[in-house]
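The values are calculated or read from the model by the stated rules, or taken from the named source; none is laboratory data. This structure is a prediction, so every number in the text was calculated from the model and none was measured. Don't worry about glycine lacking a Cβ; one is built from the backbone with ideal geometry, like all the others, and counts go over all protein chains shown.
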Amino acid sequence: MAGGVAAAVAAVSEARLWQRLMEMAEIGGFIGDGGHHGVNRPCLTPLDREARRLLISWARRAGAAVSVDPAANLFLRLEGEDPSLAPVLTGSHMDTQPQGGRFDGIYGVLAGLEAIEAIAAAGVRPRRAIEVVAWTNEEGGRFAPGCTGSMSFTGFKPMSAFDDLVDRDGIRYADALAEQLAAEADLPRRPLGYTPHAYLEAHIEQGPRLEAEGKEIGVVTGIQGSRWFTVSVEGRTDHAGTTPLRLRRDSVQDMLRAIGALNTLMHDPADVLRFTVGSIRVEPGTSNSVARKAEFTIDFRHPDKEVLLARGDAIAGVVQASMTSCTATVEERFRALPVEFGERVPGVVAAAAEAQGLTSLRLPSGAFHDAQFLVPLCPTGMLFIPCRGGVSHHPSEYAGPDACAKGARVLAEALLALANG
Ligand code: HGY
Ligand code: MN
Ligand code: MN
Ligand code: MN
């Protein structure tokens with residue numbers, strides 16, 4: 001390891017990174033299942049802004065320049081020798097699932113800050129600037145779909161495509177975004193989007209493989225594809241006690257029939273079930289009225305593009321064939337095709353892990369990430385750290401201080417290799 005790199009890696013502080021992870025977990029923190037400390041920190045909310053202010057205070061103390069783009073993506077910049085060169089970009093997201101954990105997303109942002117802080121503390125000046133980004137709305141929990149910040153940044157979709165997304169309270173994405181930017185009017189602004197020299201995101205695995213195989217670093221090879229649909233079944237509300245079955249137009253009954261049929265379509269014995277109904281809403285929603293409307297979401301994933309397209313395109317037909325007395329509409333809300341990271345960035349991650357004497361495993365990501373949208377723009381990759389039992393999107397999500405620090409050290413070395421390359 002070159003002198004500078006060794007000093008930078010050595011300057012990564014396990015204690016500081018852990019302290020910050022735990023402090024961030026208090027913002028939106030709650031005690032959930034089994035007494036575990038969960039985090040519920042939706043995007044574009046006062047909680048999100050409180051977490052961002054805390055991050056900004058740490059970043060400025062570390063000498064990083066802070067700025068925000070029109071999608072409210074937040075950037076922390078460690079200047080390089082040649083500011084005219086395209087920066088290397090790292091980062092992740094700060095928003096969580098409603099029953100989220102203390103590491104999904106925020107680990108990649110804080111590992112990125114830890115890496116640039118250690119590089120600066122070691123007196124190392126990278127050739128290119130290194131930027132840490134906190135992407136807006138990766139989870140899609142409040143405003144579906146997710147990744148609206150990175151999709152806006154990369155031009156995958158125009159930012160205006162998300163304006164009219166609404167949350168459960170009917171608040172529009174554009175209005176929540178405007179509120180965020182107004183609350184952060186004191187922060188320097190930057191234009192939307194640029195082409196990074198490379199992008200590398202650190203994240204917990206959110207799966208069981210690294211822990212099961214006793215490996216310390218995941219060299220991520222790619223991300224499977226995801227498609228989100230919203231199905232709305234319309235019937236008629238009636239009295240639960242007096243309306244004969246033959247006269248009913250019961251949207252819940254038809255919804256259940258459709259979900260049963262979809263499970264048959266989606267469940268491939270050679271495959272794990274990659275089809276999730278995560279949200280169901282029923283109107284009027286009283287026990288003694290037949291449901292007029294039943295709306296449910298579909299999250300369908302697959303690593304093979306053809307299967308993702310063919311089975312996803314078949315969903316609407318299966319839903320329509322399942323209707324006996326109701327009508328249904330099927331709307332696709334999100335589509336991210338499978339991506340492969342190639343060799344450039346994964347190779348740098350693998351070399352850094354080896355240089356630090358850490359065991360590593362090449363594996364694909366089952367979870368989607370903002371990295372998916374950087375692939376068409378620049379050399380892209382991810383590094384994973386193991387998480388307990390592979391559990392995520394649950395309060396018991398956990399990665400230990402040692403695992404978090406190992407990931408941050410590999411990130412620091414990989415970022416320097418990319419920034420000096
Ligand atoms: O849903 C996902 O895959 C990511 O964790 N948001
Ligand atoms: Mn995540
Ligand atoms: Mn997540
Ligand atoms: Mn992500």
Any residue at all in the stretch 92-103 that is closer than 27 Å to PHE373 by Cα, modelled with pLDDT of 95 or more, away from ligand 1 (no atom under 16 Å from the Cβ) and among the basic types (Lys, Arg)?
-> no
Collect the residues in the stretch 389-421 that are modelled with pLDDT of 95 or more and in a loop (DSSP other than H, G, I, E, B), keeping them in residue-number order.
-> VAL391, SER392, HIS393, HIS394, PRO395, SER396, GLU397, TYR398, ALA399, GLY400, ASN420
Please work out which residue is nearest to the chain's Cα centre (by Cα), limiting yourself to the stretch 286-300 and to residues that are farther than 15 Å from ARG249 by Cα and of a type outside the set (Asp, Glu).
-> PHE300
All positions within the stretch 38-79 that are in contact with an Asp or Glu (Cβ under 9 Å, 6 or more places away or on another chain) and farther than 22 Å from PHE153 by Cβ | GLY38, VAL39, LEU54, TRP58, ARG61, ALA62, GLY63
Number of positions in the stretch 364-390 that are of a type in the set (A, V, I, L, M, F, W, C) and farther than 30 Å from PHE156 by Cα = 1
Criterion (outside the structural domain of SER365 (by TED's automatic domain parsing), in a loop (DSSP other than H, G, I, E, B), of a type in the set (D, E, K, R) and buried (at least 17 other Cβ atoms within 10 Å of the Cβ)) met by exactly one of ARG249, ARG311, ARG257 = ARG249
Scanning for something more than 21 Å from PRO379 (Cα to Cα), assigned by TED's automatic domain parsing to the domain that holds GLU184, in contact with a strand residue (DSSP E or B) (Cβ under 6 Å, 6 or more places away or on another chain) and within 16 Å of ligand 2 (Cβ to nearest atom), does the stretch 136-153 turn up at least one residue?
-> yes
Output the residues belonging to the stretch 121-148 that are part of a helix (DSSP H, G or I) and more than 16 Å from ligand 3 (Cβ to nearest atom).
-> ALA121
Check ALA291 against each of (1) farther than 26 Å from ALA161 by Cβ; (2) in a helix (DSSP H, G or I) and name the one condition it does not meet.
-> (2)
Could you tell me whether any residue of the stretch 207-216 is closer than 30 Å to LEU110 by Cα, within 16 Å of ligand 2 (Cβ to nearest atom) and of a type in the set (Asp, Glu)?
-> no
Name every residue in the stretch 187-219 that is farther than 13 Å from VAL133 by Cβ, within 16 Å of ligand 1 (Cβ to nearest atom) and small (Gly, Ala, Ser), in order of residue number.
-> GLY207, GLY218
Which ones in the stretch 355-398 are within 16 Å of ligand 3 (Cβ to nearest atom), among the β-branched types (Val, Ile, Thr) and in contact with a helix residue (DSSP H, G or I) (Cβ under 6 Å, 6 or more places away or on another chain)?
-> ILE385
Where residues in the stretch 190-211 are part of a strand (DSSP E or B) and in contact with a Pro (Cβ under 8 Å, 6 or more places away or on another chain), which of them is nearest to ligand 3 (Cβ to nearest atom)?
-> ILE204
Going through (1) of a type outside the set (Lys, Arg); (2) within 16 Å of ligand 4 (Cβ to nearest atom); (3) surrounded by 24 or more Cβ atoms within 10 Å (Cβ to Cβ) one by one, ILE116 fails only at (2)
